[in-house]
Amino acid sequence: MDHNALCTKVLEIEPHVRFSGILNSRGDLTVQSNRNDSEALLSEDEVKMSVHYTFQRWTSIQNLAHKIGTEKTNITEFDKVTLISLLLDDGNLLLLSSEPGANYMEIISKVKQIIPDE
C-alpha cells in the first residue's frame with residue numbers, strides 16, 4: 001500500500017479533512033499530508049504530542065483485544081477538531097483530523113472505500 005498516495009487521496013476526496021497521516025506500529029508518524037488552505041491548530045511539537053497520545057491510547061486498548069476484538073476505528077471529538085483513527089490491514093493506523101461538526105461517519109465511509117484491500 002502506498003501510504004503517501006493514500007494520505008493525499010484522503011485530502012482530495014474529503015474537503016473537511018485537515019490532516020491525514022500514517023502511524024506505524026512503533027508509534028512513528030511515517031507520512032503526513034496537510035490541507036494547505038486550513039490554519040494549523042497545533043505546532044509541530046504539539047502534533048508530535050498528539051500522535052504520541054493517540055499511540056498510547058491505541059496500544060493500551062490492545063490489552064483488551066483478546067476479549068473484545070481488534071479496534072478498527074476510533075473517533076475523538078474536541079471543540080475545534082475531530083480526530084479519527086482507522087486500522088489498516090498492514091497494521092498501521094491512518095490518522096485524520098477533520099473540521100468540527102463534519103459528518104465523521106460519512107468521512108470514514110468515503111475513506112474506507114479508497115483503502116486498498118491487501
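The values are calculated or read from the model by the stated rules, or taken from the named source; none is laboratory data. Quick caveat: nothing in here was measured; it's all calculated off a predicted structure. Every residue, glycine among them, receives a Cβ derived from its backbone with ideal geometry; neighbour counts consider all protein chains shown.
Worth pointing out:
- S33 satisfies every condition listed in (1) closer than 19 Å to A5 by Cβ; (2) at pLDDT 95 or above; (3) of a type in the set (S, T, Y) except (2).
- Test: residue in the range 37-44 that is out of contact with any strand residue (DSSP E or B) (no Cβ under 7 Å at 6 or more places or on another chain), in contact (Cβ under 8 Å) with a residue 60 or more places away in the chain and among the acidic types (D, E): no
- Only listed residue being in contact with a Leu (Cβ under 6 Å, 6 or more places away or on another chain), modelled with pLDDT of 95 or more and not aromatic (F, W, Y), chosen from L96, L86: L86
- Residue in the range 46-58 that is among the hydrophobic types (A, V, I, L, M, F, W, C), surrounded by 11 or more Cβ atoms within 10 Å (Cβ to Cβ), modelled with pLDDT of 90 or more and in a strand (DSSP E or B) present: no
Every residue, every condition in (1) within 14 Å of the chain's Cα centre (by Cα); (2) β-branched (V, I, T); (3) modelled with pLDDT of 95 or more; (4) surrounded by fewer than 16 Cβ atoms within 10 Å (Cβ to Cβ), yes or no:
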{"position": "V10", "(1), (2), (3), (4)": "yes, yes, yes, no"}
{"position": "R18", "(1), (2), (3), (4)": "yes, no, no, no"}
{"position": "I22", "(1), (2), (3), (4)": "yes, yes, yes, no"}
{"position": "G27", "(1), (2), (3), (4)": "yes, no, no, yes"}
{"position": "L64", "(1), (2), (3), (4)": "no, no, no, yes"}
{"position": "E71", "(1), (2), (3), (4)": "yes, no, no, no"}
{"position": "V81", "(1), (2), (3), (4)": "yes, yes, no, no"}
{"position": "G91", "(1), (2), (3), (4)": "yes, no, no, yes"}
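- Among (1) surrounded by fewer than 18 Cβ atoms within 10 Å (Cβ to Cβ); (2) part of a helix (DSSP H, G or I), the one test that A40 misses: (2)
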